[in-house]
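J.: This is the structure, below, for whatever I ask next.
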Amino acid sequence: KLGISKSKLQRYMQQGLLRRHSNSIKPHLTNANKKARLQWCVDMLEHGSLHDDPKFKGLFDHVFIDEKWFFLTQKSEKYYLLPDEDDPHRTCKSKNYIPRLMFLCVCARPRFSNGVCTFDGKIGCFPLVTYGHAQRNSVNRPAGTSIVKPITSIIRDVIREFMVDKVLPAIRAKWPREDVNKPIYIQQDKAPSHLEIDDPVFCEAAKQEGFDIRLICQPPNSPDFNILDLGFFCAIQSVQYKKQAKTVEELVPAVKEVNTTGN
């Protein structure tokens, strides 16, 4: 495009005459979206600090949730091989339909005391699957073998079931004991499959064992307001690819291990 050689281009970059920039597409924001985002940011300020030195809330009472598709592999991967080593042979029926699973990830802000982590914020990573057994023999497995079936239709009833049966018990089990009696806010986006903030089944379950757990929705078209979309999902998936899972059954423990250990 510039009509110069690559070596000259490299020299220009070293001299600071040119710079590299990676540009990603951002969500399209309407005026209403922008107003909602601004109001959200203002509401995140500590009210007692507005006039002198505005500070954001610590968000220690927030739990972030979202869903993410995790794929078995990528379309293209790089390998480092010995000179006489055979090239890896990977196959898939269609590059556009690589086997995948959706996970519901839940995390909160970690807490430290005197430099020691007292709460790592890792509440859970739940695969949206059902478990069963093979009904008949096949070339892949004998009858009775445990199998994992992805839930292909993620509707509100499915999310409600996982929220009540998986997410709420995990929060109650792992939440710091000193803050059990304080409100806990679960922040979600406004996806059609997510629950209404006044969902009666969820609200009833959220009051159990003395907890006060509430749902809140972040502004539309604002993935950057959720730490999971902001970078946590990418970090998990980049490490998950290194686990080299070959089947859907292997993908579940691989993602859970990455989310739990952070390695």
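The values are calculated or read from the model by the stated rules, or taken from the named source; none is laboratory data. These numbers were taken from a predicted model, which means no experiment stands behind them. Virtual Cβ from ideal backbone geometry, glycine too; neighbours counted across all protein chains shown. We work out accessible area using only protein heavy atoms, side chains counted, and drop any ligands, DNA or RNA first. Shrake-Rupley method; radii C 1.70, N 1.55, O 1.52, S 1.80 Å.
J.: For the range 132-154, what are the residues that are surrounded by 11 or more Cβ atoms within 10 Å (Cβ to Cβ) and under 26 Å from Gln187 (Cα atoms)?
T.: Those that are surrounded by 11 or more Cβ atoms within 10 Å (Cβ to Cβ) and under 26 Å from Gln187 (Cα atoms): Pro150, Ile151, Ile154.
J.: Same structure, new question: Residues in the range 200-246 that are of a type in the set (Val, Ile, Thr), in a helix (DSSP H, G or I) and in contact with a strand residue (DSSP E or B) (Cβ under 7 Å, 6 or more places away or on another chain): how many?
T.: Taking the range 200-246 as the starting set, the residues that turn out to be of a type in the set (Val, Ile, Thr) are 201, 213, 216, 227, 236, 239.
When the remaining residues are screened for being in a helix (DSSP H, G or I), the result is 201, 227, 236, 239.
If we keep only those that are in contact with a strand residue (DSSP E or B) (Cβ under 7 Å, 6 or more places away or on another chain) as well, we get 227.
Result for the range 200-246: 1.
J.: Could I ask something else about it? Tally time: how many residues in the range 12-34 are within 26 Å of the chain's Cα centre (by Cα) and among the aromatic types (Phe, Trp, Tyr)?
T.: So the count comes out to 0.
J.: While we're looking at this one, here's another question. Can you spot a residue in the range 48-62 that is surrounded by 10 or more Cβ atoms within 10 Å (Cβ to Cβ), under 21 Å from the mean Cα position of the chain (by Cα), at pLDDT 90 or above and closer than 25 Å to Gln237 by Cβ?
T.: Taking every residue of the range 48-62 in turn, at least one turns out to be surrounded by 10 or more Cβ atoms within 10 Å (Cβ to Cβ), under 21 Å from the mean Cα position of the chain (by Cα), at pLDDT 90 or above and closer than 25 Å to Gln237 by Cβ.
J.: Checking Lys242 against (1) surrounded by fewer than 17 Cβ atoms within 10 Å (Cβ to Cβ); (2) touching a residue at least 40 places away in the same chain (Cβ under 8 Å); (3) over 25 Å from Arg111 (Cβ atoms), which test does it fail?
T.: All conditions pass for Lys242, except number (2).
J.: Name the single residue, out of those in the range 78-113 being surrounded by 10 or more Cβ atoms within 10 Å (Cβ to Cβ) and of a type in the set (Val, Ile, Thr), that is farthest from Phe232 (Cα to Cα).
T.: Here the residue is Ile98.
J.: Right, next: Given (1) over 30 Å from Cys217 (Cβ atoms); (2) of a type in the set (Gly, Ala, Ser); (3) over 26 Å from the mean Cα position of the chain (by Cα); (4) at pLDDT below 85, identify the lone condition not met by Ser5.
T.: So Ser5 meets the others, but not (4).
J.: Is there a residue in the range 114-131 that is open to solvent by less than 30 Å² (accessible area, probe 1.4 Å) and touching a His at 6+ places or on another chain (Cβ under 7 Å)?
T.: For the range 114-131, residues open to solvent by less than 30 Å² (accessible area, probe 1.4 Å) and touching a His at 6+ places or on another chain (Cβ under 7 Å): absent.
J.: Looking at Leu29, Leu72, which is the one that is farther than 30 Å from Arg111 by Cβ, in contact (Cβ under 8 Å) with a residue 40 or more places away in the chain and touching a Leu at 6+ places or on another chain (Cβ under 7 Å)?
T.: Leu72
J.: Cβ contacts < 6 Å: first residue among the aliphatic types (A, V, I, L, M), restricted to the range 141-157; second residue assigned to a loop (DSSP other than H, G, I, E, B), any location; separation 6+ or different chain. Result?
T.: Ala143/Ala134; Ala143/Arg136; Ala143/Asn137; Ile147/Ala134; Ile151/Leu128; Ile154/Ser193; Ile155/Ser193
J.: Please go through the range 177-234 and pick out each residue that is open to solvent by less than 20 Å² (accessible area, probe 1.4 Å), among the aromatic types (Phe, Trp, Tyr) and touching a residue at least 60 places away in the same chain (Cβ under 8 Å).
T.: Passing the criteria: only Phe233.
J.: Another question about this same structure. Which of the following residues is under 24 Å from Leu72 (Cα atoms) and not β-branched (Val, Ile, Thr): Gly210, Gly231?
T.: None of the other options fit; the residue is Gly231.
J.: Tell me, please, whether a residue that is touching a strand residue (DSSP E or B) at 6+ places or on another chain (Cβ under 7 Å), more than 25 Å from Glu257 (Cβ to Cβ) and among the small types (Gly, Ala, Ser) can be found in the range 90-100.
T.: no
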